[in-house]
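Only the coordinates and a few stated rules stand behind these numbers; no lab work does. Computed from a predicted structure; not experimentally measured. With ideal geometry, Cβ positions are generated from the backbone for all residues, glycine too; neighbour counts draw on all protein chains shown.
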Amino acid sequence: MDPELEAFIPLFPKADLRDPVTSRTYLAGLAAAVPTPDIADLTVEDHTVPADPDVPVRVYRPRDAQGAVVWLHGGGFVMGNLDTEHPWAARLADAAGATVISVGYRLAPEHPFPAAHDDAYAVLTWIAAHAADFGVDPARIAVGGHSAGGSLAAGMALRSRDEQGPPICFQLLNQPGLDDRMTTWSARHLTDTPWMNSGKVAASWRHYLGGAPATPYAAPNRATDLSGLPPAYIASAEFCPNRDENIEYALRLLQAGVSVELHQWAGTFHGSQAILSADVSQRQIAELGGALRRGLAP
């Protein structure tokens, strides 16, 4: 473990995702403790995307924004909202110089798959259709997210390819959950890692799928054909149950002819970027912004 992160491990109790309400309260408290980012150079607006039901979004626009990303928060499919994601969405917009459309998708278990996926895809199609309203080039729209949000982003890329939907120029996947089968070494053996461990990941999949079989749009690593997908940046953490499936997905994308940048962050755990005082966290945030800037470049 990175020594700067190790001292903070007691602040990341192994909360039980079997109780979504308690988990949501805990995540809200954790997000509130993250220092508020400077948004003086950003325009921040709340909008409602017409869908069934409507989807709330928060749009972060820097001056001279370079493209846009439809951004999905983490939280194991059961936690998180526009407010808990605010510190990270604002930092990403600033670091990448890009418009960030943060999505308030519906949460499981009250709304199992495909609710969150449909919400995310509705936002993607809406922002593509209204790109001019936000000063966005429709050819420079990316998708991305943390953890469960990374899974949603990867699922959107698959669906947009299959349905000839809005063109996606880039995928930014940070420690995504990609495979409900949990057959990799890290998924089976990382049972005592901070914040997210294998038991909590399994619980999140149960909530999200609601007993239904997983499709590739829910668990993207189940897709048999990954060709024709947008270029990707994938970040994995050493002490994260999702680690091995992140690496496997990156390799499968490469083998399918998709350009991929993979960064395995040594000494980190799932969600450790919240520890902003750590040098490795600062480097991770800066690199996510840099990757998005490169992915959106003309």
* To do: Would you order T268, T43, T215 from fewest to most other beta-carbon atoms within 10 Å of each residue's own beta-carbon?
  => T43, T215, T268
* Which percentage, to the nearest 5, of the DSSP beta bridges contained in segment 3-295 is antiparallel? -> 30
* Relative contact order, percent, segment 191-287 [alpha-carbon distance under 8 Å, six or more residues apart] -> 28
* Asked: Taking Cα pairs under 8 Å and at least six residues apart, what relative contact order does the chain come out at, in percent?
  -> 20
* Structure fact -> Taking Cα atoms only, Rg over Rh for segment 3-295 with Rh from the Kirkwood formula is 0.93
* Structure fact -> In segment 1-150 the DSSP beta bridges are antiparallel at a rate, in percent to nearest 5, of 55
* Taking only DSSP H segments of four or more residues, each worth -39500 (n - 2.57), what value at 222 nm results for the chain once the sum is divided by all its residues, to the nearest 500 deg cm²/dmol? -> -11500 deg cm²/dmol
* Structure fact -> Length gained if V21 through D38 is fully extended, taking 0.36 nm per residue and subtracting the Cα-Cα distance, is 3.1 nm
* So what's the gap between the Cα centers of segment 33-82 and segment 220-294, to the nearest angstrom? -> 21
* Asked: What's the extension gain from S277 to D225 if we count 0.36 nm per residue and subtract their Cα-Cα distance?
  -> 14.6 nm
* If you take the charge dipole of the chain about its Cα centre, with +1 on Lys and Arg Cβ and -1 on Asp and Glu Cβ, which of G74, S227, A153 is farthest toward its positive end? -> S227
* Per-peptide average of other Cβ atoms within 10 Å, ordering 70-79, 131-140, 246-255 highest first -> 70-79, 246-255, 131-140
* Return H263, H86, H189 ranked ascending by Cβ neighbour count within 10 Å, so the fewest neighbours appear first. => H189, H263, H86
